[in-house]
Amino acid sequence: MDPFLVTSLLLSLSGFMAIWLIHVPLKDAGIVDYYWGPGFAVIGWSGLLMGAEASPIKLLLLSALTLWSVRLAVQLILRHRLMTGEDARYARMRVEGGPSWWWQSLYKVFLLQAVILWVVASPVHALVAAPASATLSLSGEIGLFVFAAGLLIEGIADWQLHRHRRAGKSGRETLASGLWAYSRHPNYFGEILLWAGLGLAAHDLSGAWWAFVGPVVLAIVIRFVSLPITERHLIASRADYAAYAARTPVLVPLPRSGALNAGPAE
């Protein structure tokens, strides 16, 4: 295995283990989300620090990735501060795990996310490995546009959801306006777009087919793991969610309703 791949994996594992140690006395696994965005930026910049060739386009893409990571971290921290207690997902796992959950969470939550982050970071690894002389062709420029569109959609969706939470409506009323009128999870859709764009740009610069592995894995995890868990929680906790789900697409913001709607993600 390439030495940088080993180093980046160790960096990811170390970062999440450090957060796990902080979480143990706090009994709040929700803080694991704080590192999801910054973890990718750490991998990218560490590659350059380890001696990978730098170039203006590499620095541009890594700076854009860092902007996304900081925005996401701030949004997740603000969301967490508005919660009363631990995130419901992890609170349920804590109850089910019993007294031994404090150490089970190390590999069931923290190290698992470290490995997923490392795999999803395949475009970042490809970008770091690309030669400094590489330039973007039309496909890479399209990738930049898709990345920017995903960043914008995710940012707007998160901002609208934050305003909804600040108004004290999150726990009792489903947000059904703005981007959320066209998709039940526009923030997830934006993130999928963002990583698809980065994968396209990284492949264009490096020629590495595996630059697309991360975006594909992320899309699969979101659609078949994250969305079903989130949907089950929302249906169980909000009286108006079933009606909202019946008229609103689950992910892709298309004008669907009634029988054309995809229904709850399962």
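Quick look at the values:
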quantity: Check on ILE19, at pLDDT 95 or above and either closer than 30 Å to GLY140 by Cα or in contact with a Lys or Arg (Cβ under 6 Å, 6 or more places away or on another chain) (or both); calculated: no
quantity: Residue list for region 109-143, filter: assigned to a loop (DSSP other than H, G, I, E, B) and closer than 16 Å to SER55 by Cα; calculated: ALA130, PRO131, ALA132, SER133, ALA134, THR135, LEU136, SER137
quantity: Subset tally (residues that are small (Gly, Ala, Ser) and in a loop (DSSP other than H, G, I, E, B)) for region 152-208; calculated: 9
quantity: Subset tally (residues that are surrounded by fewer than 18 Cβ atoms within 10 Å (Cβ to Cβ), more than 15 Å from SER133 (Cα to Cα) and touching a helix residue (DSSP H, G or I) at 6+ places or on another chain (Cβ under 8 Å)) for region 49-66; calculated: 2
quantity: Test: residue in region 81-94 that is assigned to a helix (DSSP H, G or I), of a type outside the set (Asp, Glu), without any contact (Cβ under 8 Å) to a residue 12 or more places away in the chain and under 23 Å from GLY39 (Cβ atoms); calculated: yes
quantity: Matching residues, region 140-190, being touching a His at 6+ places or on another chain (Cβ under 8 Å) and hydroxyl-bearing (Ser, Thr, Tyr); calculated: SER170
quantity: Residue within region 78-90 that is modelled with pLDDT of 95 or more and over 16 Å from the mean Cα position of the chain (by Cα) present; calculated: no
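Results for (1) surrounded by fewer than 15 Cβ atoms within 10 Å (Cβ to Cβ); (2) more than 18 Å from PRO215 (Cα to Cα), shown as yes or no for each residue.
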position: TYR90; (1), (2): no, yes
position: VAL109; (1), (2): no, yes
position: LEU117; (1), (2): no, no
position: VAL128; (1), (2): no, no
position: GLU141; (1), (2): yes, no
position: PHE147; (1), (2): no, no
position: ARG166; (1), (2): yes, yes
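The values are calculated or read from the model by the stated rules, or taken from the named source; none is laboratory data. Bear in mind the structure is a predicted one, so any value in this text is a computation, not a measurement. Please note: Cβ atoms are built from the backbone with ideal geometry, for glycine as well, and neighbour counts cover all protein chains shown.
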